[in-house]
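Chemist: Structure provided below as C-alpha cells; questions to follow.
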Amino acid sequence: MALLKAGKILNRQVIESGQLCPCGSGNTYGECCQQIHRFHAKATTAEALMRARYSAFVTQQIDFLYDTFHPSTRRFQNKQAIGQWARENKWMQLSILKSTFHIVEFEAHYLDPQLEVQIHHEKSTFKKQGDLWYYVDGR
Ligand SMILES: [Zn+2]
C-alpha cells in the first residue's frame, strides 16, 4: 500500500496482459479491456465500452477516455481534468448494477486523495455511431 502513502504519488497501475482485468470480468486484461483499449471497434456493446472506460481510469489511458466520448459531448470535455480525476483517485472496483442496450448503471469504488472510500454511482448513456459505441453522459 506504499502507493497510497502520499496522495500526490501517481496512482497509475500497470496491468499486464496476463493479469485479471480491472473491470472485474474475470478474464485477463489481454483478453478483455486491453483489446478495446487498442481497437475501439471491439467494444460491441455499451457495457463493454463502459467496462473499458473504467479500466482506462485504472490504467490512466486518458486519450481513450477522451476519444470514447460521443462527439456531441466530447467538446465539453477537458483532457487535463479527466487525467486529474483518474490520477488523484485510486480505483478499487467496478460493479455493474444494470445494463441495457444503451444504458449502463454502475458503481465505481475508489479512494479519494484523502484516502476516504467513495462510491461513484452513475447511470451512463451510450450511443452507437457507425460501428462504434460512445459514452454520451451520465447522471
Ligand atoms: Zn475488462
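No lab work stands behind these numbers, since they all come straight from the coordinates. No experiment lies behind these values; they were computed from the predicted model shown. Using ideal geometry, Cβ is built from the backbone for each residue, glycine included, and neighbour counts are taken over all protein chains shown.
Chemist: I want to confirm something. Restricting to the stretch 94-106 and keeping residues that are surrounded by 14 or more Cβ atoms within 10 Å (Cβ to Cβ) and not small (Gly, Ala, Ser), which single residue is farthest from Arg139 (Cα to Cα)?
Modeler: Going through the qualifying residues, I end up with Leu94.
Chemist: Just one of Ala41, Ala52 is more than 10 Å from the ligand (Cβ to nearest atom) and either within 23 Å of Thr100 (Cα to Cα) or of a type in the set (D, E, K, R) (or both); which is it?
Modeler: Ala41
Chemist: Return the residues of the stretch 116-139 that are of a type in the set (D, E, K, R) and either more than 19 Å from Ile96 (Cβ to Cβ) or part of a loop (DSSP other than H, G, I, E, B) (or both); say none if nothing qualifies.
Modeler: If the condition is that a residue be of a type in the set (D, E, K, R) and either more than 19 Å from Ile96 (Cβ to Cβ) or part of a loop (DSSP other than H, G, I, E, B) (or both), then Glu116, Asp131, Arg139 are the ones that fit.
Every residue, every condition in (1) closer than 23 Å to Ser25 by Cβ; (2) in contact (Cβ under 8 Å) with a residue 12 or more places away in the chain; (3) part of a strand (DSSP E or B); (4) in contact with a helix residue (DSSP H, G or I) (Cβ under 6 Å, 6 or more places away or on another chain), yes or no:
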position: Gln80; (1), (2), (3), (4): no, no, no, no
position: Gly83; (1), (2), (3), (4): no, yes, no, yes
position: Gln93; (1), (2), (3), (4): yes, yes, yes, no
position: Glu105; (1), (2), (3), (4): yes, yes, yes, no
position: Gln114; (1), (2), (3), (4): no, yes, no, no
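Chemist: Considering only residues that are within 20 Å of Val117 (Cβ to Cβ) and surrounded by fewer than 21 Cβ atoms within 10 Å (Cβ to Cβ), which ones fall in the stretch 55-85?
Modeler: Gln84, Trp85 - these are the residues of the stretch 55-85 that are within 20 Å of Val117 (Cβ to Cβ) and surrounded by fewer than 21 Cβ atoms within 10 Å (Cβ to Cβ).
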